[in-house]
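The values are calculated or read from the model by the stated rules, or taken from the named source; none is laboratory data. As the structure is a computational prediction, the values presented were derived from the model and not from experiment. Methodologically, a virtual Cβ is constructed for each residue, glycine included, from the backbone with ideal geometry; neighbour enumeration extends over all protein chains shown.
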Amino acid sequence: MPTPTAPPLPVYLDYAATTPVDERVARVMQRYLTVDQLFANPASRSHMLGWQAEQAVEQARRQVADTIGADPREIVWTSGATEADNLALTGFMRANRERGMHLVTSIIEHKAVVDTAKALESEGFEVTWLTPGRDGRISPAQLESALRDDTTLVSLMAVNNELGTVNDLKALADTAHAFGAAFHTDAAQAVGRIALDVAAQQVDLMSLSAHKAYGPKGVGALYVKRHPDIRVEALIHGGGHERGMRSGTLPTHQIAGMGEAFAMMGEHSGPDQARIAELSARFLAGLDEVGGIHVNSPAEHGVPNIVNVAFEGVDSEALLMALRDLAVSTGSACNSASVEPSYVLLGVGTPRELAHASLRFSFGRFTTDHDIDHALDLIHHAVSGLRAPAAAH
Ligand SMILES: *Cc1c(COP(=O)(O)O)cnc(C)c1O
């Protein structure tokens, strides 16, 4: 069939995978790169240019700390949330070997936590893997039943990246503390989406990423509570940067970008999330008309910017192919033999058939009403096409 008009630009509904860098953030980053700018090594103590770069790093450290209610001295720069998760789990477990070898986490954590916990198992640590309910939440009672005298760390995410489920950080942290265990949370998807306050929520370690919050890829941070019991052993050695916890020359432009992005989240998150909640409701209402929809995201305790849905009788890989003008994701993993549906969906007990029929839509600061309506048109068309009996083609 000939195309009557030029193909439309793809609609980006994959903000949970990454967000674009905000223009204001990009402008800040450009101040720290070229010869006429503040490009110097922030660790250079022997000249003014080094001090100025250091000042930029310290301002960003304050901006990131302010976003989560921390002290700037509690922020350790990393290459992203993946590295922060590695440092939190491996660094903490190794530093606290004498106290205990037991870690508690869940089967629907991000791979950065799941794979790190598996690596710890092969190092001789013991891991208890909690299975959440259908809504993706871990209850304090469930956590309590897994805690032991030798449990040193609990790691449970703030907002699940596939479902949007929000955990009750304060209740989980209190439960962990009652058994003398420290509490880590991966908050990569949480910044600007839910209220974060490490003091009020009693969090000891928190992983952060810039690129899920309109900052650049390749930079993140680990919040490490200033307390004698909260120590992490470095994984990257050389130079003793970041108070010995993470060596390596600090990327001033990346860090300044993350600081600005997080500061902007402070200003924007309220209006952004209110608008996104409306977009999300509009999207779900539109999907209702498509019919045969199962919403995998929780009805309660979820962020509005992530909507995970199953399309009955439709294969998600085929749907993705039919939705070339839409940027969305499946959460499935390809191996040589087959396509495995999302371990998160399977982990919360989604029937295999529905897990194979699911897509994650995620919205953000630049998503418009028009994007939603256009996406709904495309989905409607693609799903009807795939559901139609073969004879109709
Ligand atoms: C994106 C993401 C990560 C990984 O963050 P990077 O900065 O890309 O390493 C970790 N955890 C969660 C929940 C995420 O969404």
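Put simply, of R45, R73 the only residue that is within 19 Å of E242 (Cβ to Cβ), exposed (fewer than 15 other Cβ atoms within 10 Å of the Cβ) and free of Cβ contacts under 8 Å to residues at least 60 places away in the same chain is R45.
Residue by residue, here is whether (1) among the polar types (S, T, N, Q); (2) more than 21 Å from the chain's Cα centre (by Cα); (3) part of a helix (DSSP H, G or I) holds:
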position	(1), (2), (3)
R31	no, yes, yes
F39	no, yes, no
S46	yes, yes, no
V76	no, no, no
V114	no, no, yes
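Kindly indicate whether R61 is in contact (Cβ under 8 Å) with a residue 40 or more places away in the chain, within 30 Å of V203 (Cβ to Cβ) and of a type in the set (K, R). It is true that R61 is in contact (Cβ under 8 Å) with a residue 40 or more places away in the chain, within 30 Å of V203 (Cβ to Cβ) and of a type in the set (K, R).
The single condition among (1) away from the ligand (no atom under 16 Å from the Cβ); (2) closer than 24 Å to A17 by Cβ that H110 does not meet is (1). All told, F361 falls short of being over 28 Å from V191 (Cβ atoms), in contact (Cβ under 8 Å) with a residue 24 or more places away in the chain and in contact with a strand residue (DSSP E or B) (Cβ under 7 Å, 6 or more places away or on another chain). Looking only at the range 121-152, count every residue that is surrounded by fewer than 22 Cβ atoms within 10 Å (Cβ to Cβ) and closer than 17 Å to E233 by Cβ and tell me the total. Counting residues in the range 121-152 that are surrounded by fewer than 22 Cβ atoms within 10 Å (Cβ to Cβ) and closer than 17 Å to E233 by Cβ gives 3. Residue pairs whose Cβ atoms lie under 7 Å apart, sitting 6 or more positions apart in sequence or on different chains, and linking a residue in the range 8-19 that is modelled with pLDDT under 95 and of a type outside the set (D, E, K, R) to a partner that is assigned to a loop (DSSP other than H, G, I, E, B) and away from the ligand (no atom under 16 Å from the Cβ), are P8/D325; P10/D325. Taking the criterion of being touching a strand residue (DSSP E or B) at 6+ places or on another chain (Cβ under 9 Å), more than 12 Å from the ligand (Cβ to nearest atom) and either at positive phi or aliphatic (A, V, I, L, M) (or both), the residues of the range 113-135 that qualify are A117, L120, V127, L130.
Scanning the range 159-172 turns up no residue that is on the phi < 0 side of the Ramachandran plot, over 21 Å from the mean Cα position of the chain (by Cα) and away from the ligand (no atom under 14 Å from the Cβ).
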